[in-house]
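Worksheet: one structure, shown below.
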Amino acid sequence: MRLYDTATRSLQELPAPPGPVRMYFCGPTVYQRIHIGNARPFVLSMWLARWLSRTGYDVTLVENITDINDKIYTAAPGASAQLAADASGWYIEDTDDLGLGRPDREPKATESIPEIVALIEELIETGHAYPAGGDVYFRVSSFADYGKLSGRHGDDDAVRNPSEEEEQSELKENPRDFALWKANKEGEDTWWDSPWGHGRPGWHIECSAMAEAVFGPAFEIHGGGLDLVFPHHENEVAQSRSLGHEFARIWMHNGMLRLAGEKMSKSLGNIVSLREALDTWGRETLLVYFLGAHWRKPIDFSDDALEQAAAIAESFRNVFRAESEPVGEWEPFARALDEDFNTPDALAVMHGWRDHELLQRGLEIFGLESLAESQAAPAELEALARRRAEAREQRDFDEADRLRGEIEEAGWVVRDVEAEPGFQLVPRR
Ligand SMILES: [Zn+2]
C-alpha cells in the first residue's frame, strides 16, 4: 500500500500488514455547522481506515475537535464555551448522517489542557520556547528544519499574512515565532490555569499534544486539508521534532473543495454546509460525489457534479434490480486503492461489476452498501411523478413544483431524464 506524502513529495510505502497504522486527522474548529469542504478529510479518513482494516491492518484513527480557537471567541463573544459545545454536537450529528461510523478517538482541546501545558513546559526547558507577558512563543530559529514540510519558511508569510491565529505581537523575539499559549484577553470567556497565568493554548500546540497523547512520539499518518500545510502542520512538526519526537511519518493533504470553480470561503460568502448538502442530495449521492475525485485533487461542487453523482448511484441501484451476473474482479479494485487510494479508478472498476455480492463488498468500503437495498418507488409516488411530467408538458410549472414537493415530502427525489418514462425516482437518503 502506497500513499503520497507531502513531506517527501513522493509515494511512500506503508509497513506490511498488520502495521499498526496510527492515523491522526485534523478535525474541524467548531463555531458553526461544518461546511461541505470540511467533510472531505472526514470521509477520506473513514474510508481509508476501513480499507486498511479490511486488508489486514491494525488501524487506529484519531480525529480531534478544535474547541478552543480565536474563531470561536469571535463568533460568540462572551458565550464561546456554549457555542463550542453546541457546534461540537452539530459536527457529530452531521458527520453521523454520512453513515460511515466514527473515528476511534475524538479528543477535544478543552479536555487536553494538562498534556498541552506539559508539552509547552518541555519546549521552554529545552530553549525552543519562551514566555513573554503571559504568552508563550515558539522560537522558530531554534528548529533548523523549519519550512521543510511546506517549503515555506515563514519570513514573509508571518509578516505580510499572519494566519488567523497569529496577531503581530510586540512580545515576539522574531515575527516568525508563533504562540503556544495566549494570555486571557478582555472578552474571552474561557481560560485555563497555567504556569504563565490564565490563558489558553494556541491552535498548533493543541494538535501536537492531542496526537502524542494518544500515540506517543511517533505515528504513521497525519492528515488534513491542503490549507493546513502552512502554518498549522509546519508548526506541529516544529513543536514535536524539536523535542526529538519523530511525529508523523506520512503527511496526507487532501485537495480543497471549490464552489463552481472558486474556493469556498467565508469571505466570499459561498459556504454550503454539510447539513444543507445532506438534506438536498442525500448521503449516497454525496459519498459517490467524493469517490469520483482523487483525494489529492481539488473537487468542484456544483449542481451538475452532484446530478452526475446521483446518476452513478442510480446506476448501481439498477445493477441490484437486475439479475446478478458473474461479471467483475476484485483485484483491479484493490490495486487502485492500494496505489495512493485512487477512488476514481476504484469507482470505474466497480462500474463494470454485475456480480451482486462483489459489488456489495466494494460499495461497503465506502459506506454505500445501502445501494443494494434499493427497491422501486411506491406506486402512488410513480403516479405523482407521472402527473408531474404531464403538468410540465402542459407548461403548468406551479403544479409540477407542487407535485415535486409532495414527492420530496415522502422522502424521494424526482429527476427528469431522457429515457422513458421521462423521470427517475430515487430515495433522498
Ligand atoms: Zn490540527
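Looking at LEU287, is it closer than 17 Å to PHE138 by Cβ and in contact with a Gly (Cβ under 7 Å, 6 or more places away or on another chain)? Against the criterion (closer than 17 Å to PHE138 by Cβ and in contact with a Gly (Cβ under 7 Å, 6 or more places away or on another chain)), LEU287 does not qualify.
For the stretch 39-94, a residue qualifies if it is free of Cβ contacts under 8 Å to residues at least 40 places away in the same chain and not in a helix (DSSP H, G or I), and exactly one does: GLY56. Tallying residues that are within 28 Å of LEU3 (Cα to Cα) and in contact (Cβ under 8 Å) with a residue 24 or more places away in the chain within the stretch 303-313 yields 4. Once the stretch 339-357 is narrowed to residues that are of a type outside the set (Phe, Trp, Tyr) and in contact with a strand residue (DSSP E or B) (Cβ under 7 Å, 6 or more places away or on another chain), the residue that is surrounded by the fewest Cβ atoms within 10 Å (Cβ to Cβ) is GLU339. Of all residues in the stretch 376-387, one or more are outside the structural domain of ARG54 (by TED's automatic domain parsing), farther than 23 Å from MET1 by Cβ and among the basic types (Lys, Arg). Take the conditions (1) surrounded by fewer than 18 Cβ atoms within 10 Å (Cβ to Cβ); (2) part of a helix (DSSP H, G or I); VAL327 misses just one of them, which is (2).
Could you say whether any residue in the stretch 8-30 is assigned to a helix (DSSP H, G or I), assigned by TED's automatic domain parsing to the domain that holds SER240 and within 16 Å of the ligand (Cβ to nearest atom)? Taking every residue of the stretch 8-30 in turn, none turns out to be assigned to a helix (DSSP H, G or I), assigned by TED's automatic domain parsing to the domain that holds SER240 and within 16 Å of the ligand (Cβ to nearest atom).
Looking at ARG40, ARG102, ARG50, ARG54, which is the one that is farther than 25 Å from SER208 by Cα and among the basic types (Lys, Arg)? Please lay out each step first, then the result.
Details: ARG40 fails: farther than 25 Å from SER208 by Cα; ARG102 fails: farther than 25 Å from SER208 by Cα; ARG50 fails: farther than 25 Å from SER208 by Cα.
Step by step, each of ARG40, ARG102, ARG50, ARG54 is checked, and only ARG54 is farther than 25 Å from SER208 by Cα and among the basic types (Lys, Arg).
Only one of the listed residues (GLY411, GLY352) is in contact with a Lys or Arg (Cβ under 7 Å, 6 or more places away or on another chain) and of a type in the set (Gly, Ala, Ser). That residue is GLY411.
The set of residues from the stretch 112-139 being closer than 16 Å to TRP203 by Cβ and not in a loop (DSSP other than H, G, I, E, B) comprises ILE113, GLU115, ILE116, VAL117, LEU119, ILE120, LEU123, ALA129, ASP135, VAL136, TYR137, PHE138.
Tell me, which residue of the stretch 222-238 that is among the acidic types (Asp, Glu) and within 21 Å of LEU123 (Cα to Cα) is nearest to the ligand (Cβ to nearest atom)?
Keep residues of the stretch 222-238 that are among the acidic types (Asp, Glu), which gives 227, 234, 236.
Narrowing further to those that are within 21 Å of LEU123 (Cα to Cα): 234, 236.
Values: GLU234: 12, GLU236: 7 Å.
Restricting to residues being among the acidic types (Asp, Glu) and within 21 Å of LEU123 (Cα to Cα), the top hit is GLU236.
Among residues belonging to the stretch 211-254 that are of a type in the set (D, E, K, R) and not in a helix (DSSP H, G or I), point out the one that is surrounded by the fewest Cβ atoms within 10 Å (Cβ to Cβ). Spell out the reasoning first.
Applying the first criterion (of a type in the set (D, E, K, R)) to the stretch 211-254 yields 212, 220, 227, 234, 236, 241, 246, 249.
Okay, now just the ones that are also not in a helix (DSSP H, G or I), so 220, 246, 249.
Details: GLU220: 22, GLU246: 11, ARG249: 18.
Across the stretch 211-254, the extreme among qualifying residues is GLU246.
The values are calculated or read from the model by the stated rules, or taken from the named source; none is laboratory data. Remember, it's a predicted structure, so these values are computed and weren't measured experimentally. All Cβ positions, glycine included, derive from the backbone under ideal geometry; neighbour counts span all protein chains shown.
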